[in-house]
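Engineer: First the structure, then my questions, so here it is.
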Amino acid sequence: MGQTLCICSRGSITIDNKKYYFVQKLDEGGFSYVDLVEGVKDGRFYALKRILCHDREGRQEAQTEVEMHQIFNHPNILSLVAHTFVDRGGKSEAWLLLPYISKGSLWSVLEKLRDKGSSMPEKQILQILHGICSGLKAIHEKGYAHRDLKPTNVLLDEDDRPVLMDLGSMNRARIEVRGTREAMTIQDWAAQRCTISYRAPELFSVESHCIIDERTDVWSLGCVLYCMMMLEGPYDLVFQKGDSVALAVQNPVVIPQSCSYSEGLQILLSSIMVSNPQERPNINWVLDQLFSTPSLTLEKLRGRVLLTCNAAFEHTEVLKYHSPLLHIQMW
(Lines give C-alpha, C1' and ligand atoms only; values in the text may rest on other atoms or scores of the structure.)
Protein backbone atom coordinates (compact mmCIF):
# COMPACT_ATOMS: atom_id res chain seq x y z
CA MET A 1 0.00 0.00 0.00
CA GLY A 2 3.00 2.28 0.37
CA GLN A 3 1.55 3.83 3.52
CA THR A 4 3.02 4.11 6.99
CA LEU A 5 1.57 5.24 10.27
CA CYS A 6 3.26 6.20 13.51
CA ILE A 7 1.75 7.34 16.79
CA CYS A 8 3.74 10.19 18.29
CA SER A 9 3.88 11.58 21.81
CA ARG A 10 2.07 14.85 20.93
CA GLY A 11 -1.15 13.11 20.02
CA SER A 12 -0.48 13.01 16.32
CA ILE A 13 -0.44 10.37 13.62
CA THR A 14 1.38 10.13 10.32
CA ILE A 15 -0.26 8.42 7.37
CA ASP A 16 1.46 8.27 4.01
CA ASN A 17 4.09 10.81 5.16
CA LYS A 18 1.39 13.32 6.15
CA LYS A 19 0.93 14.35 9.76
CA TYR A 20 -2.40 14.77 11.52
CA TYR A 21 -3.17 15.99 15.03
CA PHE A 22 -5.75 14.23 17.17
CA VAL A 23 -8.60 16.62 18.08
CA GLN A 24 -11.34 14.60 19.79
CA LYS A 25 -13.36 11.39 19.71
CA LEU A 26 -16.40 11.44 17.47
CA ASP A 27 -18.05 8.06 17.80
CA GLU A 28 -17.50 4.42 18.63
CA GLY A 29 -19.21 1.13 17.89
CA GLY A 30 -18.71 -2.51 18.66
CA PHE A 31 -15.61 -2.95 16.52
CA SER A 32 -14.61 0.54 15.45
CA TYR A 33 -13.81 4.04 16.70
CA VAL A 34 -13.95 7.37 14.91
CA ASP A 35 -11.70 10.28 15.87
CA LEU A 36 -11.54 13.83 14.56
CA VAL A 37 -8.05 14.73 13.33
CA GLU A 38 -6.57 17.84 11.71
CA GLY A 39 -4.06 17.86 8.87
CA VAL A 40 -0.92 19.75 9.87
CA LYS A 41 -0.16 21.01 6.37
CA ASP A 42 -3.62 21.73 5.00
CA GLY A 43 -5.41 22.58 8.27
CA ARG A 44 -8.41 20.52 7.19
CA PHE A 45 -10.38 18.21 9.46
CA TYR A 46 -10.72 14.51 8.77
CA ALA A 47 -12.49 11.57 10.36
CA LEU A 48 -10.14 8.72 11.29
CA LYS A 49 -11.98 5.40 11.49
CA ARG A 50 -10.14 2.67 13.38
CA ILE A 51 -11.48 -0.85 12.81
CA LEU A 52 -10.45 -3.56 15.25
CA CYS A 53 -9.53 -6.75 13.39
CA HIS A 54 -9.71 -9.66 15.83
CA ASP A 55 -8.78 -12.34 13.33
CA ARG A 56 -7.89 -12.95 9.71
CA GLU A 57 -11.53 -12.77 8.69
CA GLY A 58 -11.90 -9.39 10.40
CA ARG A 59 -8.84 -8.09 8.59
CA GLN A 60 -10.22 -9.27 5.27
CA GLU A 61 -13.55 -7.53 5.98
CA ALA A 62 -11.70 -4.29 6.70
CA GLN A 63 -9.69 -4.71 3.50
CA THR A 64 -12.95 -5.20 1.60
CA GLU A 65 -14.30 -1.95 3.06
CA VAL A 66 -11.16 -0.16 1.87
CA GLU A 67 -11.54 -1.63 -1.60
CA MET A 68 -15.20 -0.59 -1.78
CA HIS A 69 -14.21 3.02 -1.05
CA GLN A 70 -11.54 2.88 -3.75
CA ILE A 71 -13.96 1.65 -6.42
CA PHE A 72 -16.14 4.75 -6.29
CA ASN A 73 -15.56 8.39 -7.07
CA HIS A 74 -19.00 9.87 -6.61
CA PRO A 75 -20.28 12.97 -4.76
CA ASN A 76 -22.86 10.88 -2.88
CA ILE A 77 -20.44 8.18 -1.70
CA LEU A 78 -17.87 8.89 1.01
CA SER A 79 -14.35 8.92 -0.42
CA LEU A 80 -11.22 7.47 1.17
CA VAL A 81 -8.30 9.85 1.72
CA ALA A 82 -5.75 7.30 2.93
CA HIS A 83 -5.53 4.04 4.84
CA THR A 84 -3.17 1.58 6.45
CA PHE A 85 -3.13 -1.48 8.69
CA VAL A 86 -1.42 -1.35 12.08
CA ASP A 87 -0.27 -4.36 14.11
CA ARG A 88 0.05 -3.63 17.81
CA GLY A 89 0.30 -6.07 20.70
CA GLY A 90 -0.59 -9.00 18.50
CA LYS A 91 -3.76 -7.29 17.29
CA SER A 92 -4.44 -5.68 13.95
CA GLU A 93 -6.28 -2.42 13.26
CA ALA A 94 -7.38 -0.88 9.98
CA TRP A 95 -7.10 2.90 9.89
CA LEU A 96 -9.26 4.72 7.33
CA LEU A 97 -8.80 8.46 6.86
CA LEU A 98 -12.08 9.92 5.61
CA PRO A 99 -13.44 13.41 4.87
CA TYR A 100 -15.06 15.04 7.89
CA ILE A 101 -18.62 16.24 7.38
CA SER A 102 -19.47 18.45 10.33
CA LYS A 103 -23.27 18.42 10.04
CA GLY A 104 -23.31 14.75 10.92
CA SER A 105 -25.69 11.99 9.94
CA LEU A 106 -29.20 12.20 8.57
CA TRP A 107 -30.34 10.53 11.78
CA SER A 108 -28.84 13.29 13.95
CA VAL A 109 -30.68 15.90 11.85
CA LEU A 110 -33.97 14.01 12.22
CA GLU A 111 -33.45 13.66 15.97
CA LYS A 112 -33.06 17.43 16.33
CA LEU A 113 -36.27 17.98 14.36
CA ARG A 114 -38.12 15.53 16.57
CA ASP A 115 -36.79 17.17 19.74
CA LYS A 116 -38.09 20.53 18.50
CA GLY A 117 -41.47 19.08 17.55
CA SER A 118 -40.78 20.05 13.95
CA SER A 119 -40.68 18.15 10.65
CA MET A 120 -38.60 18.05 7.48
CA PRO A 121 -40.01 20.05 4.54
CA GLU A 122 -41.04 17.90 1.59
CA LYS A 123 -38.74 19.78 -0.74
CA GLN A 124 -35.78 18.93 1.49
CA ILE A 125 -36.86 15.29 1.70
CA LEU A 126 -36.93 15.03 -2.09
CA GLN A 127 -33.52 16.68 -2.41
CA ILE A 128 -31.94 14.27 0.06
CA LEU A 129 -33.77 11.29 -1.43
CA HIS A 130 -32.46 12.12 -4.88
CA GLY A 131 -28.88 12.25 -3.63
CA ILE A 132 -29.21 8.91 -1.84
CA CYS A 133 -30.67 7.38 -5.01
CA SER A 134 -27.79 8.76 -7.07
CA GLY A 135 -25.28 7.15 -4.73
CA LEU A 136 -27.13 3.84 -4.79
CA LYS A 137 -27.33 3.94 -8.58
CA ALA A 138 -23.55 4.33 -8.79
CA ILE A 139 -23.12 1.36 -6.45
CA HIS A 140 -25.59 -0.81 -8.33
CA GLU A 141 -24.13 0.03 -11.73
CA LYS A 142 -20.79 -1.36 -10.52
CA GLY A 143 -22.53 -4.60 -9.59
CA TYR A 144 -22.61 -4.08 -5.83
CA ALA A 145 -25.21 -3.47 -3.12
CA HIS A 146 -24.78 -1.43 0.07
CA ARG A 147 -26.83 -3.85 2.25
CA ASP A 148 -26.93 -1.56 5.33
CA LEU A 149 -28.56 1.67 4.22
CA LYS A 150 -30.07 3.57 7.19
CA PRO A 151 -30.18 7.19 8.43
CA THR A 152 -27.05 6.77 10.56
CA ASN A 153 -25.12 5.68 7.45
CA VAL A 154 -26.06 8.80 5.49
CA LEU A 155 -24.04 11.97 6.15
CA LEU A 156 -25.34 15.42 5.22
CA ASP A 157 -23.11 18.34 4.28
CA GLU A 158 -24.05 21.99 4.79
CA ASP A 159 -25.97 21.99 1.50
CA ASP A 160 -27.93 18.86 2.49
CA ARG A 161 -25.99 16.75 0.03
CA PRO A 162 -26.27 13.17 1.29
CA VAL A 163 -23.14 11.03 1.36
CA LEU A 164 -23.38 7.26 1.83
CA MET A 165 -20.92 5.87 4.36
CA ASP A 166 -20.04 2.62 6.15
CA LEU A 167 -19.33 0.44 3.14
CA GLY A 168 -18.30 -2.54 5.28
CA SER A 169 -21.44 -4.57 4.50
CA MET A 170 -21.23 -4.13 0.75
CA ASN A 171 -21.00 -7.19 -1.48
CA ARG A 172 -21.92 -8.33 -4.95
CA ALA A 173 -25.42 -7.24 -5.89
CA ARG A 174 -26.59 -10.52 -7.40
CA ILE A 175 -26.28 -13.54 -5.13
CA GLU A 176 -27.55 -16.87 -6.42
CA VAL A 177 -28.67 -19.11 -3.58
CA ARG A 178 -28.33 -22.82 -4.31
CA GLY A 179 -29.50 -24.98 -1.46
CA THR A 180 -30.43 -24.76 2.20
CA ARG A 181 -26.86 -24.43 3.45
CA GLU A 182 -26.15 -21.39 1.29
CA ALA A 183 -29.47 -19.88 2.30
CA MET A 184 -28.67 -20.21 6.00
CA THR A 185 -25.19 -18.77 5.48
CA ILE A 186 -26.60 -15.65 3.81
CA GLN A 187 -29.36 -15.37 6.40
CA ASP A 188 -26.82 -15.54 9.26
CA TRP A 189 -24.60 -12.99 7.52
CA ALA A 190 -27.54 -10.60 7.08
CA ALA A 191 -28.45 -10.98 10.76
CA GLN A 192 -24.96 -9.74 11.66
CA ARG A 193 -24.38 -7.08 8.99
CA CYS A 194 -27.81 -5.68 7.99
CA THR A 195 -29.59 -3.56 10.61
CA ILE A 196 -32.78 -5.39 11.55
CA SER A 197 -35.28 -2.52 11.26
CA TYR A 198 -33.99 -1.59 7.78
CA ARG A 199 -33.39 -5.14 6.52
CA ALA A 200 -35.25 -6.31 3.43
CA PRO A 201 -37.89 -9.05 3.95
CA GLU A 202 -36.07 -11.57 1.73
CA LEU A 203 -33.04 -11.47 4.07
CA PHE A 204 -35.00 -12.60 7.14
CA SER A 205 -35.89 -16.00 5.72
CA VAL A 206 -33.73 -16.72 2.70
CA GLU A 207 -35.25 -19.25 0.32
CA SER A 208 -33.14 -22.29 -0.55
CA HIS A 209 -33.24 -21.53 -4.28
CA CYS A 210 -33.50 -17.86 -5.14
CA ILE A 211 -31.59 -14.77 -6.21
CA ILE A 212 -30.88 -11.96 -3.78
CA ASP A 213 -30.22 -8.74 -5.65
CA GLU A 214 -29.63 -5.03 -5.11
CA ARG A 215 -33.29 -4.33 -4.51
CA THR A 216 -32.58 -5.06 -0.84
CA ASP A 217 -31.22 -1.47 -0.92
CA VAL A 218 -34.48 -0.18 -2.41
CA TRP A 219 -36.40 -1.60 0.54
CA SER A 220 -33.96 0.09 2.94
CA LEU A 221 -34.34 3.29 0.91
CA GLY A 222 -38.08 3.13 1.56
CA CYS A 223 -37.42 2.79 5.29
CA VAL A 224 -35.13 5.85 5.15
CA LEU A 225 -37.80 7.82 3.26
CA TYR A 226 -40.38 6.83 5.88
CA CYS A 227 -37.97 7.96 8.59
CA MET A 228 -37.54 11.37 6.96
CA MET A 229 -41.32 11.72 6.81
CA MET A 230 -42.23 10.40 10.27
CA LEU A 231 -38.91 10.98 12.16
CA GLU A 232 -38.66 7.29 13.02
CA GLY A 233 -38.25 4.14 10.98
CA PRO A 234 -41.34 2.08 10.09
CA TYR A 235 -40.14 -0.85 12.22
CA ASP A 236 -38.22 0.93 14.98
CA LEU A 237 -41.10 0.64 17.43
CA VAL A 238 -41.71 -3.00 16.50
CA PHE A 239 -38.09 -3.78 17.35
CA GLN A 240 -38.13 -1.71 20.55
CA LYS A 241 -41.24 -3.53 21.79
CA GLY A 242 -39.58 -6.89 21.16
CA ASP A 243 -42.09 -7.88 18.50
CA SER A 244 -41.10 -9.71 15.32
CA VAL A 245 -39.72 -7.43 12.63
CA ALA A 246 -39.51 -10.47 10.33
CA LEU A 247 -43.29 -10.81 10.47
CA ALA A 248 -43.99 -7.08 10.34
CA VAL A 249 -42.12 -6.57 7.05
CA GLN A 250 -44.33 -9.12 5.30
CA ASN A 251 -47.30 -6.73 5.51
CA PRO A 252 -47.76 -3.51 3.52
CA VAL A 253 -46.23 -0.47 5.18
CA VAL A 254 -48.74 1.51 7.21
CA ILE A 255 -48.55 5.28 6.78
CA PRO A 256 -50.15 7.05 9.75
CA GLN A 257 -53.27 9.06 8.98
CA SER A 258 -51.56 12.02 10.63
CA CYS A 259 -49.00 12.14 7.81
CA SER A 260 -49.09 15.65 6.37
CA TYR A 261 -47.02 15.02 3.24
CA SER A 262 -48.48 15.00 -0.25
CA GLU A 263 -50.37 12.00 -1.54
CA GLY A 264 -47.79 11.63 -4.28
CA LEU A 265 -44.95 11.21 -1.79
CA GLN A 266 -46.95 8.68 0.18
CA ILE A 267 -47.63 6.70 -2.99
CA LEU A 268 -43.95 6.76 -3.87
CA LEU A 269 -43.17 5.34 -0.43
CA SER A 270 -45.73 2.55 -0.81
CA SER A 271 -44.41 1.78 -4.30
CA ILE A 272 -40.87 1.33 -2.98
CA MET A 273 -41.71 -0.73 0.10
CA VAL A 274 -42.98 -3.86 -1.61
CA SER A 275 -42.32 -7.05 0.37
CA ASN A 276 -41.95 -9.28 -2.70
CA PRO A 277 -38.52 -8.42 -4.17
CA GLN A 278 -39.64 -9.50 -7.64
CA GLU A 279 -42.34 -6.81 -7.60
CA ARG A 280 -40.14 -4.15 -6.01
CA PRO A 281 -38.79 -1.49 -8.42
CA ASN A 282 -35.11 -0.92 -9.00
CA ILE A 283 -33.24 2.30 -8.26
CA ASN A 284 -33.52 3.55 -11.85
CA TRP A 285 -37.30 3.46 -11.60
CA VAL A 286 -37.22 5.46 -8.37
CA LEU A 287 -34.97 8.07 -9.97
CA ASP A 288 -37.26 8.25 -13.00
CA GLN A 289 -40.16 9.11 -10.72
CA LEU A 290 -38.12 11.81 -9.00
CA PHE A 291 -36.54 13.70 -11.85
CA SER A 292 -37.94 12.74 -15.22
CA THR A 293 -39.29 16.32 -15.23
CA PRO A 294 -38.69 19.36 -12.97
CA SER A 295 -41.57 18.07 -10.84
CA LEU A 296 -41.92 14.59 -9.42
CA THR A 297 -44.58 13.00 -11.62
CA LEU A 298 -46.18 9.76 -10.49
CA GLU A 299 -48.09 8.60 -13.56
CA LYS A 300 -49.89 5.72 -11.95
CA LEU A 301 -53.54 5.67 -13.04
CA ARG A 302 -55.84 3.31 -11.17
CA GLY A 303 -55.25 -0.27 -12.29
CA ARG A 304 -52.59 0.81 -14.75
CA VAL A 305 -49.69 -1.60 -15.27
CA LEU A 306 -46.21 -0.15 -15.53
CA LEU A 307 -43.47 -2.10 -17.25
CA THR A 308 -39.95 -1.41 -16.02
CA CYS A 309 -36.90 -2.97 -17.52
CA ASN A 310 -34.28 -4.09 -15.03
CA ALA A 311 -31.10 -4.06 -17.13
CA ALA A 312 -29.06 -5.69 -14.39
CA PHE A 313 -31.09 -8.90 -14.72
CA GLU A 314 -32.19 -8.64 -18.33
CA HIS A 315 -35.87 -9.20 -17.75
CA THR A 316 -39.05 -7.17 -17.62
CA GLU A 317 -40.91 -6.69 -14.38
CA VAL A 318 -44.61 -5.92 -14.13
CA LEU A 319 -45.46 -3.49 -11.34
CA LYS A 320 -49.12 -2.76 -10.56
CA TYR A 321 -50.11 0.43 -8.84
CA HIS A 322 -53.53 1.63 -7.82
CA SER A 323 -53.42 5.41 -7.54
CA PRO A 324 -54.51 8.56 -9.31
CA LEU A 325 -52.34 10.73 -11.49
CA LEU A 326 -50.31 12.82 -9.07
CA HIS A 327 -47.66 15.49 -9.16
CA ILE A 328 -45.19 16.57 -6.49
CA GLN A 329 -43.53 19.90 -7.08
CA MET A 330 -39.80 19.56 -6.48
CA TRP A 331 -38.38 23.02 -6.83
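The values are calculated or read from the model by the stated rules, or taken from the named source; none is laboratory data. Quick caveat, the model's predicted, so the values are computed rather than measured. Every residue, glycine among them, receives a Cβ derived from its backbone with ideal geometry; neighbour counts consider all protein chains shown. Ligands, DNA and RNA are excluded from the accessible area calculation, which covers all protein heavy atoms including side chains. Shrake-Rupley method; radii C 1.70, N 1.55, O 1.52, S 1.80 Å.
Engineer: With the condition kept exactly as written, say whether any residue in region 128-135 is over 12 Å from the mean Cα position of the chain (by Cα) and open to solvent by 70 Å² or more (accessible area, probe 1.4 Å).
Structural biologist: no
Engineer: Here is a further query. Restricting the search to region 117-126, which residues are assigned to a helix (DSSP H, G or I) and not basic (Lys, Arg)? Spell out the reasoning first.
Structural biologist: Narrowing region 117-126 to residues assigned to a helix (DSSP H, G or I): 122-126.
Passing the criteria: GLU122, GLN124, ILE125, LEU126.
Engineer: Taking region 247-264 as the search range and keeping residues that are open to solvent by 60 Å² or more (accessible area, probe 1.4 Å) and touching a residue at least 60 places away in the same chain (Cβ under 8 Å), which one is nearest to ASP115 (Cα to Cα)? Talk me through it step by step, then tell me what you get.
Structural biologist: Step one: filter region 247-264 for residues open to solvent by 60 Å² or more (accessible area, probe 1.4 Å), giving 247, 250-252, 254, 257-258, 260, 263.
From what's left, touching a residue at least 60 places away in the same chain (Cβ under 8 Å): 260, 263.
Details: SER260: 18, GLU263: 26 Å.
The residue in question is SER260.
Engineer: Name the residues in region 82-116 that are open to solvent by 70 Å² or more (accessible area, probe 1.4 Å), at pLDDT 95 or above and not in a helix (DSSP H, G or I), would you?
Structural biologist: Across region 82-116, the qualifying residues are TYR100, LYS116.
Engineer: Look at TRP219 and say whether it is of a type in the set (Phe, Trp, Tyr), modelled with pLDDT of 95 or more and open to solvent by less than 10 Å² (accessible area, probe 1.4 Å). Steps first, please.
Structural biologist: Numbers: of a type in the set (Phe, Trp, Tyr): yes; modelled with pLDDT of 95 or more: yes; open to solvent by less than 10 Å² (accessible area, probe 1.4 Å): yes.
In short, yes.
Engineer: Kindly evaluate GLN266 against the criterion of being modelled with pLDDT of 90 or more and over 24 Å from the mean Cα position of the chain (by Cα).
Structural biologist: Values: modelled with pLDDT of 90 or more: yes; over 24 Å from the mean Cα position of the chain (by Cα): no.
It is false that GLN266 is modelled with pLDDT of 90 or more and over 24 Å from the mean Cα position of the chain (by Cα).
Engineer: When you check ALA145 against the structure, is it touching a Gly at 6+ places or on another chain (Cβ under 7 Å) and crowded, with 21+ Cβ neighbours inside 10 Å, yes or no?
Structural biologist: Working: touching a Gly at 6+ places or on another chain (Cβ under 7 Å): no; crowded, with 21+ Cβ neighbours inside 10 Å: yes.
No: the conditions fail for ALA145.
Engineer: Consider LEU78 carefully, then state whether it is open to solvent by less than 20 Å² (accessible area, probe 1.4 Å), outside the structural domain of ASP236 (by the TED database), touching a residue at least 12 places away in the same chain (Cβ under 8 Å) and not β-branched (Val, Ile, Thr). Before the answer, list the steps.
Structural biologist: Values: open to solvent by less than 20 Å² (accessible area, probe 1.4 Å): yes; outside the structural domain of ASP236 (by the TED database): yes; touching a residue at least 12 places away in the same chain (Cβ under 8 Å): yes; not β-branched (Val, Ile, Thr): yes.
Against the criterion (open to solvent by less than 20 Å² (accessible area, probe 1.4 Å), outside the structural domain of ASP236 (by the TED database), touching a residue at least 12 places away in the same chain (Cβ under 8 Å) and not β-branched (Val, Ile, Thr)), LEU78 qualifies.
Engineer: Got a number for residues in region 54-67 being open to solvent by 10 Å² or more (accessible area, probe 1.4 Å) and within 24 Å of LEU164 (Cβ to Cβ)? Explain how you work it out, then say what you get.
Structural biologist: Of the residues in region 54-67, the ones open to solvent by 10 Å² or more (accessible area, probe 1.4 Å) are 54-61, 63-65, 67.
Those still in the list that are within 24 Å of LEU164 (Cβ to Cβ) too: 58-61, 63-65, 67.
Residues meeting the conditions: 8.
Engineer: Just to check your reading of the model, which residue among SER118, SER108, SER32 is hydroxyl-bearing (Ser, Thr, Tyr) and not assigned by the TED database to the domain that holds GLY233? Explain how you work it out, then say what you get.
Structural biologist: Numbers: SER118 fails: not assigned by the TED database to the domain that holds GLY233; SER108 fails: not assigned by the TED database to the domain that holds GLY233.
The match here is SER32.
Engineer: How many of the residues making up region 77-118 are in contact with a His (Cβ under 9 Å, 6 or more places away or on another chain) and within 30 Å of MET229 (Cα to Cα)? Talk me through it step by step, then tell me what you get.
Structural biologist: To start, the set of residues in region 77-118 that are in contact with a His (Cβ under 9 Å, 6 or more places away or on another chain) comprises 77-80, 83, 91-92, 94-98.
Keeping just the survivors that are within 30 Å of MET229 (Cα to Cα) gives 77-79, 98.
So the answer is 4.
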